[in-house]
Amino acid sequence: MVSTHSPLVFMFGILGNIISFVVFLAPIPTFIRVCEKKSTEGFQSVPYVVALFSAMLWLYYATLKSNEILLITANTAGCVVETIYIAIYIAFAPKQARIFTLRLLILMNFGGFCSILLLSHFLAQSETRVRVLGWVCAAFSVSVFAAPLSIMRVVIRTKSVEFMPFYLSLFLTLSSIIWHLYGVLQKDLYVALPNMLGFIFGVLQMVLYMIYKNYKTVIDDEKLSESKADIVNLSMSETKVCSQPNSDEEGSDTQNEHEQKDQDVKTMEASNQGQLSVKCEV
């Protein structure tokens with residue numbers, strides 16, 4: 001199948017695979033920290049479950065078409081890597097987060113995917129099936145590409161780029177460019193269209209980075225709280241015991257506040273990284 005690609009299409013496909021794989025590996029430091037601390041530190045599994053669903057959709061789409069081995073390899077790698085991330089998350093997440101993740105997996109990745117598979121198989125034939133699934137994949141990808149709007153909002157509000165890694169945004173933009181050109185050369189509208197939107201959002205992110213990169217990156221408690229609410233949609237329920245501190249406890253409370261702020265920053269970074277990495281599926 002590979003030999004039937006034109007050299008230019010094959011080149012873009014290989015580059016797309018390499019860049020996508022690099023982006024898939026971006027959350028590794030986060031999950032190494034999770035394994036070391038045996039805690040998910042409050043960050044969410046939703047971006048990784050969505051990334052797995054996206055890769056599954058594109059993998060199914062690619063198998064329905066002829067001569068799409070490069071789409072198959074990219075999204076097979078995505079399925080494997082995201083499955084590993086989710087397995088690690090489930091192993092170390094609190095009970096409530098674990099149950100939520102399993103429910104989401106059953107609802108989206110099993111129920112949703114199986115429904116699309118069965119409906120497309122029995123209600124559409126040959127080329128019609130490919131077109132229907134192509135539009136489903138494109139629509140889902142457009143919604144995924146719009147996810148970083150919340151991150152861009154955080155950057156504008158806080159005037160800080162510490163929650164929007166530049167190199168990850170750069171590689172995602174390069175990935176969108178490569179896969180857009182691949183789709184154009186393959187005359188595949190469903191690949192080219194969403195990646196054109198991904199390129200636009202990627203450029204906007206890098207423009208924001210250039211604007212705010214020299215701003216002081218100290219964020220006050222109010223902005224941190226607001227920003228965290230923008231990104232982390234599922235909050236873990238916590239029990240807080242409030243008491244009036246005495247003079248000996250004030251230093252400890254101040255230290256705890258700083259530790260909590262550091263923890264919130266790490267949570268936001270992990271959530272942002274997850275949201276951004278969702279975009280790397282074709």
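The values are calculated or read from the model by the stated rules, or taken from the named source; none is laboratory data. Note that this is a predicted model, so its numbers are computed, not measured. Neighbour counts are summed over all protein chains in view; Cβ atoms, including those assigned to glycine, are modelled from backbone coordinates with ideal geometry. Heads up: the accessible areas ignore ligands, DNA and RNA and are worked out on the full protein's heavy atoms, side chains in. Shrake-Rupley method; radii C 1.70, N 1.55, O 1.52, S 1.80 Å.
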Given the Cα-Cα distance of A87 and R103 and 0.36 nm per residue of separation, how much length would full extension add, in nm? 4.4 nm
Simple spin-label estimate for Q96 and E41 in nanometres, 7 Å along Cα-Cβ: 2.1 nm
With a point put 7 Å past each Cα toward its Cβ, work out how far S66 is from L118 in nm, to one decimal. 3.1 nm
Spelling out what I want: for every residue of segment 170-185, take phi, set θ = phi - 60°, compute 6.51 cos²θ - 1.76 cosθ + 1.60 (Karplus), and round to whole Hz; glycine and proline get x. 4, 5, 5, 5, 4, 4, 5, 4, 4, 6, 5, 5, 4, x, 5, 5
Under the Karplus curve 6.51 cos²θ - 1.76 cosθ + 1.60, θ = phi - 60°, whole-Hz ³J(HN,Hα) for segment 92-102, x wherever Gly or Pro sits: 10, 6, x, 4, 5, 5, 5, 5, 4, 5, 5
Accessible area of segment 1-118 with a 1.4 Å probe: how many percent of it is carbon plus sulfur? 78 percent
Which residues in segment 52-83 place their backbone N less than 19 Å from a point set 7 Å from the Cα of A139 along the Cα-to-Cβ direction? 53-62
Roughly how many nanometres apart are two label points built 7 Å out from the Cα toward the Cβ at V207 and R131? 3.6 nm
